Amino acid sequence: EINDDKLTMSAIPGNLDPGESFTKTQNYIIQQSDLDAGSITNVAFTTNGTITSPTATVTITAVTSSALSLEKSADVSTYEAVGDVITYSYEVTNTGDVTLAGPFAINDDKIAVPDAAGPLAPKETVTVTQTYVITQADLDAGSITNVASTTDGTTTSPTDEVTVTADQEPALTLDKSADVATYDAVGDVITYSYEVTNT
């Protein structure tokens, strides 16, 4: 009988003469926990019920790849006034093959964003949102481009960016007035006033 701490083995049939050997094989299917652990160590021994062999140990190392992606989006495509609010969404995805514990810091060049919670198994996602309030500078610039990435301190995603465009409406008015309503002699002076307003 072969006893393995990872596998269930059936008994070896028949007898073994002195110097004779018997080989048995068994398959093991890798689990996510094996990738996360970084290696598998199996310990086995054999016994006939009376005599027990020393243990034999085999360690196999996992070749893993940790990776993150960040997809950033905005709930609007344009803004038009100071005080308008843009809600950004940050979708963090574990694109590697090992579980990442988190938390995942989101670094945005325009606003402070709360961390995304972990852990994330491969292909799992977590989304956080953050709002941004439009300023006069944003209207003057004509658009806002935010660039962001995420990291767990060891693995960092590529950057992703979103551009939201200003719906600008430039306009001027002119209000002209005179300091008198009438004149009655050569040499009288009229003073005109021109009030220009950015509307």
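Just to verify a result, which residue in segment 116-140, among those that are surrounded by 13 or more Cβ atoms within 10 Å (Cβ to Cβ) and within 30 Å of ASN198 (Cβ to Cβ), is nearest to the chain's Cα centre (by Cα)?
So the residue we want is TYR132.
Tell me yes or no: at least one residue of segment 88-98 is in a loop (DSSP other than H, G, I, E, B) and closer than 30 Å to GLN168 by Cβ.
No, segment 88-98 contains no residue that is in a loop (DSSP other than H, G, I, E, B) and closer than 30 Å to GLN168 by Cβ.
State which residue is least open to solvent (accessible area, probe 1.4 Å) when the search covers only segment 49-61 and only residues that are in contact with a strand residue (DSSP E or B) (Cβ under 6 Å, 6 or more places away or on another chain) and in contact (Cβ under 8 Å) with a residue 12 or more places away in the chain.
Result: ALA56.
Can you find a residue that is surrounded by 12 or more Cβ atoms within 10 Å (Cβ to Cβ), touching a Leu at 6+ places or on another chain (Cβ under 8 Å) and in a loop (DSSP other than H, G, I, E, B) anywhere in segment 27-35?
Yes: segment 27-35 contains one or more residues that are surrounded by 12 or more Cβ atoms within 10 Å (Cβ to Cβ), touching a Leu at 6+ places or on another chain (Cβ under 8 Å) and in a loop (DSSP other than H, G, I, E, B).
Determine which member of the set THR61, THR127 is among the polar types (S, T, N, Q) and at pLDDT 95 or above.
THR127
In segment 77-97, which residue that is over 20 Å from the mean Cα position of the chain (by Cα) and touching a residue at least 60 places away in the same chain (Cβ under 8 Å) is surrounded by the most Cβ atoms within 10 Å (Cβ to Cβ)? Show your work before the answer.
Within segment 77-97, the subset over 20 Å from the mean Cα position of the chain (by Cα) is 77-85.
Within this subset, residues satisfying the condition of being touching a residue at least 60 places away in the same chain (Cβ under 8 Å) are 77-80.
Numbers: SER77: 11, THR78: 13, TYR79: 23, GLU80: 13.
Within segment 77-97, the match that is surrounded by the most Cβ atoms within 10 Å (Cβ to Cβ) is TYR79.
Where the second residue is open to solvent by less than 90 Å² (accessible area, probe 1.4 Å) and of a type in the set (S, T, N, Q) and the first is in contact (Cβ under 8 Å) with a residue 40 or more places away in the chain and lies in segment 13-34, which pairs have Cβ atoms under 7 Å and are six or more apart or on separate chains?
What qualifies is GLN32/THR99.
The values are calculated or read from the model by the stated rules, or taken from the named source; none is laboratory data. In this text, all values refer to a predicted model and were calculated from it rather than measured experimentally. Methodologically, a virtual Cβ is constructed for each residue, glycine included, from the backbone with ideal geometry; neighbour enumeration extends over all protein chains shown. We work out accessible area using only protein heavy atoms, side chains counted, and drop any ligands, DNA or RNA first. Shrake-Rupley method; radii C 1.70, N 1.55, O 1.52, S 1.80 Å.
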